[in-house]
Structures are given as C-alpha cells and as structure tokens.
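A short write-up of the structure that comes next.
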Amino acid sequence: MNIYNTLTHKVEEFVPNEAGKVAMYTCGPTVYHFAHIGNLRSYIMEDVLEKYLRYDGLDVKRVMNITDVGHLTSDGDTGDDKMLKGAKREHKTVMEIAKFYTDAFFADCAKLNIKTPDVVAPATECIDDFIKVISALIEKGYAYEAGGNIYFDTSKLDDYYVFHNFTEEDLAEGVREGVEKDENKKNKADFVLWFTKSKFDDQELKWNSLWGLGYPGWHIECSCISMKNLGEYLDIHCGGVDNIFPHHTNEIAQSEAYVGHKWCNYWFHVHHLNTNSGKMSKSKGEFLTVSLLESKGYDPLVYRFFCLQSHYRKSLVFTYENLDNAKAAYEKLISRIAQLVSAEDKGEINSADFDRLRCAFTAAMNEDLNTSNAVTALYDVLKADTTAATKLALIGDFDKVLSLDLVKSAEKLVQDKKGGDIPDEVMALVQERQAARKAKDFARADEIRDKITALGYAVKETRQGTEITKI
Ligand code: AMP
Ligand code: ZN
C-alpha cells in the first residue's frame, strides 16, 4: 500500500517495522464538549485506514488517548485548560465532564461504524508514565525548570521543525494579540511538559511530582501513551492537519529525545472539514454534531458516505445541500443492492469476476487510500456483467473497510418492503379481514383492506398465503 507521509511530503510504500504487524497511534478527542462532525471526519478516515490495513492482512494494534487534562485553549501552552472551561460551562467537575463526553464520543463513533481502538487511555490514568519520561528528559539535558514549570528545550535538537511546514517566522507571526508571551521559555518554540505554575491556579486536577503539585502538558501525553503501549518504534501516527504543528512536532521532539532514535516512520493527516465560514471548531461554540444530523433525519452512515466520497487529503466543505446529495446517492445505492438481495436466482460466485472487480477496489485503496475511487469501484460492481451472488460477495467484502452497512441496510429495505415489523394495528386488521373472507363477507373484507391501505400497507392473497407489503 502507498500512503502520503507528511514527514517526507511524498506518497510512499507503507512498510511496517515488523513484517505483518502495525503499531498505530491516534490522537484522541479532548473531551470537554461533543465531537463535531469535523473531528469525526478525521476519525472516520483513520478508521478506514486501520480497517484497510487489516483487510490487507496486517495485524494492527491501535492505541488512542483521551485528552482529559492539559490541553490549553491555545495549542501553544497558553490559556485555560479546555476541560476546566467545559466544567465551568456546565457547573460540573472536570471528571464528570470527561466521563460524559468520552461516552458521547464513543456513542457517536458507534453510530458511524468507527471501531474502538484496541487500547484507549485517558491521560489522567497515566500520570506516573508522564513523570517518568519528563524526569528522563531532564536527566538527558532536554528539559529544564523555569518559573515552576518544566519546559522542553527545542534548541537541543538539530531539526525541531521536522515537518518543515512551519518555521520560526510563522511561529512569531502566529502569536496572537491577547496571548501573553511566556517569559520562562529559553526559546520561543519551547513547550511545557509539566505545569506547576500557571496563571490559571484554579486547575482542578493536580498531582504530586518531583517538581511540585501540578499537571502534564498535552503533548507529553500522546508520546507517553504511545510508547507505553506500542514501544519505542511506531509505524504510523494519525491526526487532523491542525495537529502537525505544534502538537505532532512536539511529540516527535520529546519522544526521539527520550528513545534516542527515530520514533515514528509515517505521519497520516486528515484535512479539515470546513463550513462556508471556515474550519469547523469546538471553540467557536456552534458546531455540528452527529445527534444534530440525526435530529434532521439523516442516518449517520450518510455522513460517513459523504466523507468517503472525498479524498482525505483534500479539505471538504460541509453544506446541507452536499449532505442531501450524499443521502440521495446512499439511498439509491442501498436500493440497487436490495434488488440483488431480493433476486430469485442469484447464481454462483464467479471467482474470476470477483478477483477482477476486487482489484479495482484494492488499486484505489492502495493509492493513498483513495476512498472516492473505491466508491466508484463499488458502483462498477453494480454495473458489471456478473451474477448477483458475485456482486453481493464483493459488496460485503468492500464493506469490511467502508463500513456502510451496505448489505445489512439492503436486507432491511427488502424486509421492510415485505412488511418488516408490521404494526400490531395492521396485523389485527389483517386477521379481521381473513375472518371476514372466511365468512364470505367480501364487502367487509374490502372495507378492512381500505383501512390497511390507509395505514400504509398493501395486503394481497398469494398462493403462499397473505402477503403484506409496505406501500
Ligand atoms: P480535539 O478533540 O480538538 O483534540 O480534536 C480531535 C481530532 O479532530 C484531532 O485529530 C484534530 O486534528 C481533528 N480535527 C479538529 N478539527 C477538525 C476539522 N474541522 N476537520 C477535521 N478534523 C478536525
Ligand atoms: Zn496527540
């Protein structure tokens, strides 16, 4: 498989450190609010990546953190802790907020068929690990204490800006009005590993450390949780593009300083979901959630389909018009698959056709996870001149990665058309009609049939018995 690597700015062949195995890390959500559908775009595409690696026969171990402490309002270590902001907003404790929004995040993921990673680690449960790594960084001369905080000394590295997307000048320009300069830092790019003195002294969660009562910085959390669960060599690290700098840059700095060699080979970044007014973000307050889409009548899988129709390395604009187009296309797709499901004679699976059509799908996915071409390969299956059995087998196969419930939803549609779960009221009328027919009271039977029709069901006598279908 070829994949774009942000580190080299090239599409490269993906070769894991250990043949057949993949160590994969994902930056998890900051659980101070609901995940918005922009965040979930990143998690959908990372889910597709994980599933495709598994589909390709690789044994993936995927780890994700939950950021429940230390992520400040600005990624550059200034401002309030986001968790504390959430707690104040809702008059709850930080841990109550963390529990509520972690559960909400996984409920959204389940609706979108996003698999839960093999390991999910809340930062607050790994404090000892952070302290261990920070102590080692101080010992090795990569970190220093200033004004009560522990900072990473970026001047100790030959190449701090490893992604080469940002320079010191960008950083200087990035200092916004109202964000105070931290005078403790020796170098502009230095970042906090452990806070004991913050302007925001009412931080709710603090732990004892060698440097006093305090709390970890956001960046150290991901490095430590990854190394703890996946070892010193990481194959692939994922996140949204906004994580490239400073978060992932800092993760590399501290992890490589700690292990003393290259840490992670591939960096996978998903581009943003934007609205017409710019990037969707939690801090803007108003944002779109899966529940909101559901309340407007959209199946969450329509949103997943919408995301899969675009390449992960292109920013995607969300409008309801675009989502409506995806909804219409998804529903049409399901109804075409339903025709295959209800075909009387499905024939046998033709393995030559199966292999040929499957190749188009894997070729698309192998070329930097081109899900939009993979969706085209799915349409090509529907158009192909082969048996229904072959088509259904291929659709089921692709769906191991796409996770759109294609066959399941088509079967449900067929079932619903046949009547599906017929309401009790309709069933009672059907029985009443049968009794009327038995008694040869056909006028009454017709009257009851009209009542059934009014409830949205058609009733017909066939050789197999009474057939009830949804109109
Ligand atoms: P957060 O909960 O803010 O820590 O973000 C969770 C994930 O969502 C991170 O990987 C971010 O890079 C990603 N993300 C944030 N905003 C967007 C967006 N508008 N579109 C896509 N991904 C995003
Ligand atoms: Zn992270």
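The values are calculated or read from the model by the stated rules, or taken from the named source; none is laboratory data. What you see is a predicted model, and the numbers here were worked out from it, not measured in a lab. So basically every Cβ, Gly included, is an ideal-geometry build from the backbone, and we count neighbours across all protein chains shown. Only protein heavy atoms, including side chains, enter the accessible area calculation; ligands, DNA and RNA are left aside. Shrake-Rupley method; radii C 1.70, N 1.55, O 1.52, S 1.80 Å.
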**Asked** Around Gly239, what is the net charge, scoring Lys/Arg as +1 and Asp/Glu as -1 over all other residues with Cβ under 10 Å from its Cβ?
**Response** -3
**Loop-located GluC sites (Glu not before Pro) in region 329-386 whose Cβ has at most 16 other Cβ within 10 Å (DSSP)** = Glu344, Glu348
**Fill in**
Glu183 and Asp158 label points (each 7 Å along its Cα→Cβ direction) are spaced in nm at 3.7 nm
**Item:** Potential lengthening between Lys400 and Leu382 on full extension [0.36 nm per residue; Cα-Cα distance subtracted]
**Value:** 4.8 nm
**Asked** Which percent of the accessible heavy-atom area of the chain goes to carbon and sulfur, probe 1.4 angstrom?
**Response** 49 percent
**Prompt:** Over what distance in Å are the Cα centres of region 396-416 and region 320-391 separated?
**Reply:** 11 Å
**Between 0 and 90°, nearest 10: helix 424-438 axis offset from the chain longest Cα axis** = 10 degrees
**Message:** Just to confirm a number: summing +1 for Lys and Arg and -1 for Asp and Glu over residues other than Lys115 whose beta-carbon lies under 12 angstrom from that of Lys115, what do you get?
**Reply:** 0
**Fill in**
Taking a probe of 1.4 Å and leaving out DNA, RNA and ligands, the chain shows per residue an accessible area in Å² of 46 Å²
**Prompt:** Got a number for the accessible area of Ser42? Probe 1.4 Å, square angstrom, nearest 10.
**Reply:** 10 Å²
**Item:** Contour excess over end-to-end distance, with Cα ends at Asp80 and Leu210 and 0.36 nm allotted per residue
**Value:** 44.5 nm
**Asked** Roughly how tilted is helix 320-341, in degrees to the nearest 10 and between 0 and 90, from the longest Cα axis of the chain?
**Response** 50 degrees
**Fill in**
If one compares the long axis through the Cα atoms of helix 37-55 with the longest principal axis of the Cα atoms of the chain, the angle in degrees, nearest 10, works out at 80 degrees
**Prompt:** Rule-of-thumb check for region 20-73: C-alpha Rg over 2.2 N^0.38 Å?
**Reply:** 1.32
**Asked** Which FRET efficiency, nearest 0.05, do Phe106 and Lys279 yield, Cβ-Cβ r, R0 22 Å?
**Response** 0.35
**Request:** Using DSSP to define loop residues, name the trypsin sites (Lys or Arg not before Pro) in region 313-372 whose beta-carbon has at most 16 other beta-carbon atoms within 10 Å.
**Result:** Lys314, Lys346
**Calculated FRET value between Glu411 and Asp345, using beta carbons and R₀ = 22 Å, to 0.05** = 0.80
**Item:** Where labels lie 7 Å past Cα in the beta-carbon direction, separation of Ser372 and Lys115 in nm
**Value:** 2.6 nm
**Message:** Just to verify a number: FRET efficiency for Asp421 and Ala352, C-beta to C-beta distance, R0 = 56 Å, to 0.05?
**Reply:** 0.90
**Asked** In what order, largest first, do Glu256, Glu46 sit by accessible area if the probe radius is 1.4 Å?
**Response** Glu256, Glu46
**Asked** What percent of all Cα-Cα pairs in region 1-138 falls in each 10 Å bin, counting up from 0?
**Response** 11, 33, 33, 20, 3, 0
